[in-house]
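Report on the following structure.
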Amino acid sequence: MTATAIDGYLDFLETRDGEVDIYAETLSGRESFYRDIDAKPVRSRHVFDREVFLRNVRQARAEPGLDTHMSWLLATARANQSERFGVELTKLYGRADLEEEERSEGVHIVLQETYHTRVLSRVVSIFGLPVPHCPPPPLIRFMIKLMVFSPFPKRLTMPLVGMNEMAGCVIFAALRDRGMELFADEPAVVARIRILFDEILADEICHVGLIAAGLGRFGRAVTRQLYRRLGANMALGSPEFVAALGRDEIERRFAEPFDQRRLAAQFPDTAYAF
């Protein structure tokens, strides 16, 4: 990665994220975003069975027969569990040193991922539901642990991390679009779903670009191969995602070429095109 590229990204991060507080684990720009969100709470008119939601979100596999709306909520909660598990495991085992040099893209990324768990919780809270602190399903736990605890040099594991970031972009975009479709009768809910998911998407798109910029031609080719072979299977392995999005839609989205610059152009103020 060239010094110019990383300096440009760090300048962008300082503008987007604001001041870093490594002790409070906050970014001033993100705190401002949440203050604005919380000052204008949105609550859906749709009512969901709290007991059914909590019972299923705590299980490795949701029970059959749930409607699409409930499946979408469960898929969103599952995404929250995965983000939280990965972030906390990374911090707990010292794989993310928040006491690095303050002007570090690594510090920003760890804190961004921490904020993502709050974003997804707020999506679910629109419907009056909490997201309990539960580990994600076994396959997701395995993938996260593989990335966190891999004994191999970082350069060998980065294609796997990059593939996961790419898959995350596709999954979050699909969840956003499906949520906006399901609750189209409530414009305020649709707008809140969009702004919350877009906050995550912009970051994930940046992370893809950062990883790709740090890999050589061979590493980028490996990342693309992993994405083509494993990306869709990650989503298809979750019954909630399949029930909420549909197998055909998942396969269609993952079949589309992944273009970081094109995606970043959709978020001119919040994503950086490498």
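A few notes on this one:
- The one condition from (1) of a type outside the set (D, E); (2) closer than 30 Å to G237 by Cα; (3) surrounded by fewer than 20 Cβ atoms within 10 Å (Cβ to Cβ) that L73 does not meet is (3).
- Of all residues in the stretch 13-42, those being in contact with a strand residue (DSSP E or B) (Cβ under 7 Å, 6 or more places away or on another chain) and in a helix (DSSP H, G or I) number 1.
- Against the test of being charged (D, E, K, R) and either surrounded by 14 or more Cβ atoms within 10 Å (Cβ to Cβ) or at pLDDT 95 or above (or both), the options E25, E102 yield a single qualifying residue, E25.
- Set E63, E51: member being without any contact (Cβ under 8 Å) to a residue 24 or more places away in the chain and outside any helix (DSSP H, G or I): E63
- Meets criteria (over 14 Å from the mean Cα position of the chain (by Cα) and aliphatic (A, V, I, L, M)) for L111: no
- Residue under evaluation N80, criteria (1) over 23 Å from L215 (Cβ atoms); (2) surrounded by 15 or more Cβ atoms within 10 Å (Cβ to Cβ); (3) of a type outside the set (D, E, K, R); (4) modelled with pLDDT of 90 or more, criterion not met: (4)
- You will find that of E240, E249, E199, the residue that is charged (D, E, K, R) and surrounded by fewer than 17 Cβ atoms within 10 Å (Cβ to Cβ) is E249 and no other.
- Every pair of residues 6+ apart whose Cβ atoms lie under 6 Å, when the first sits in the stretch 159-171 and is under 16 Å from L120 (Cα atoms) and touching a residue at least 60 places away in the same chain (Cβ under 8 Å) while the second is assigned to a helix (DSSP H, G or I) and of a type in the set (D, E): C169/E204
- Residue count for the stretch 147-170, restricted to those that are in contact with a helix residue (DSSP H, G or I) (Cβ under 8 Å, 6 or more places away or on another chain), surrounded by fewer than 19 Cβ atoms within 10 Å (Cβ to Cβ) and either at pLDDT 95 or above or outside any helix (DSSP H, G or I) (or both): 1.
- Residue tally, condition of a type in the set (S, T, N, Q) and either in contact with a Phe, Trp or Tyr (Cβ under 9 Å, 6 or more places away or on another chain) or crowded, with 20+ Cβ neighbours inside 10 Å (or both), over the stretch 252-274: 1
- Residues satisfying the stated conditions in the stretch 111-129, i.e. touching a helix residue (DSSP H, G or I) at 6+ places or on another chain (Cβ under 7 Å) and without any contact (Cβ under 8 Å) to a residue 24 or more places away in the chain: none
The values are calculated or read from the model by the stated rules, or taken from the named source; none is laboratory data. Bear in mind the structure is a predicted one, so any value in this text is a computation, not a measurement. Positions of Cβ are backbone-derived with ideal geometry, glycine not excepted, and every protein chain shown enters the neighbour counts.
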